[in-house]
1. Consider G52 against the criteria (1) open to solvent by less than 40 Å² (accessible area, probe 1.4 Å); (2) closer than 25 Å to R180 by Cα; (3) touching a residue at least 24 places away in the same chain (Cβ under 8 Å); (4) of a type in the set (G, A, S): it satisfies all of them except one. Which criterion is unmet?
2. If I filter region 106-142 down to residues being touching a Phe, Trp or Tyr at 6+ places or on another chain (Cβ under 8 Å) and modelled with pLDDT of 85 or more, which single residue comes out as nearest to A14 (Cα to Cα)?
3. Somewhere in region 9-22, is a residue in a loop (DSSP other than H, G, I, E, B), polar (S, T, N, Q) and surrounded by fewer than 19 Cβ atoms within 10 Å (Cβ to Cβ)?
4. For region 10-53, which positions are modelled with pLDDT under 95 and touching an Asp or Glu at 6+ places or on another chain (Cβ under 6 Å)?
5. Hey, among the residues in region 72-92 that are over 22 Å from V148 (Cβ atoms) and of a type outside the set (A, V, I, L, M, F, W, C), which one's surrounded by the most Cβ atoms within 10 Å (Cβ to Cβ)?
6. Give region 144-169 a look and list any residue that's closer than 22 Å to S33 by Cβ, open to solvent by less than 10 Å² (accessible area, probe 1.4 Å) and outside any strand (DSSP E or B), or say none.
7. Looking only at region 55-88, how many residues end up being of a type in the set (D, E, K, R) and closer than 18 Å to A182 by Cβ?
8. With T35, T77, T8 as the choices, which residue is in contact (Cβ under 8 Å) with a residue 60 or more places away in the chain, under 11 Å from the mean Cα position of the chain (by Cα) and at negative phi?
Amino acid sequence: MVTDARYTLDRRQAVAALLEARGDTLVVSGLGSTTYDVHAAGDHPGNFYLWGAMGGAAMIGLGLALAQPARRVLVITGDGEQLMGLGALATIGAAAKPANLGIAVIDNGSYAETGMQRSHTGYGADLCAIARGCGFQKTFEAGDLAAVAQLRDLFQRGGGPILGVVRVSAHNPPRSLPSRDAVYLKNRFRAHLGLPQQ
C-alpha cells in the first residue's frame, strides 16, 4: 500500500465532485472500485458500469464518444486498469482525437482489487506524461477537491481528449454495488440513448 503524501484525497468525495452537475454526460466506469464510486455518487441510466474487461474502459469510452459526438463522455477508471490499457491512450490521443472524451484516472498507487499491491504509478509512472506523449490535448493532476472541481470544469468545457489523474488515498470504502446484470445495464443504457433494446 502506498503511504505517499500525494495520495490523501477521499475517493468517494472526488468521484462525487467529478459527477456534480453532469448534465447529459455519459459515464463509463472501470472495473471494480471506480464502478462502486460512480454508483455511490448516484445511479443514473447514463452510467455504463463495467464488471469485467480489465483495461477496456478507455476504449469503450472512445467508441461511445465516436458514436455520440454530440454528447460528452467521461471515463472514470483506476490506475491499475489504465496501466493495463496504455495502448488505448495512443489510439485515443494520436489517432482518434475525440474532442468530447475525458478520462479521469482515480489513482491510489495500488492494485486495490487484488490486495493493495503497489501499482506502477505508486512507483512513479506518470500517466499525464504518457498521455501527453500519446497526443492528448490536455492533461491535469488533482490532489484536492478544489483541483477536482477544476478538472470537472475542464471536462465539461470539452476540447479533448483530456486525461486527468486524481490522486486518492488507498482506503477502500464499503462497496456500493449497481446491478450485475449485463443485459439489463446494456438495455438501460441503450434506452437512455434512445436506441432500441436488444
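The values are calculated or read from the model by the stated rules, or taken from the named source; none is laboratory data. All values reported here derive from a predicted model rather than from experimental measurement. Positions of Cβ are generated from backbone atoms using ideal geometry, with glycine treated the same way; all protein chains shown enter the neighbour counts. The accessibility values were calculated without ligands, DNA or RNA, using every heavy atom of the protein model including side chains. Shrake-Rupley method; radii C 1.70, N 1.55, O 1.52, S 1.80 Å.
1. Only one criterion in (1) open to solvent by less than 40 Å² (accessible area, probe 1.4 Å); (2) closer than 25 Å to R180 by Cα; (3) touching a residue at least 24 places away in the same chain (Cβ under 8 Å); (4) of a type in the set (G, A, S) is unmet by G52, namely (3).
2. Out of the qualifying residues, it is D107.
3. No: zero hits.
4. Across region 10-53, the qualifying residues are R11, G30, L31, G32.
5. G85
6. Scanning region 144-169 gives V148, L151.
7. 1
8. Answer to the selection: T35.
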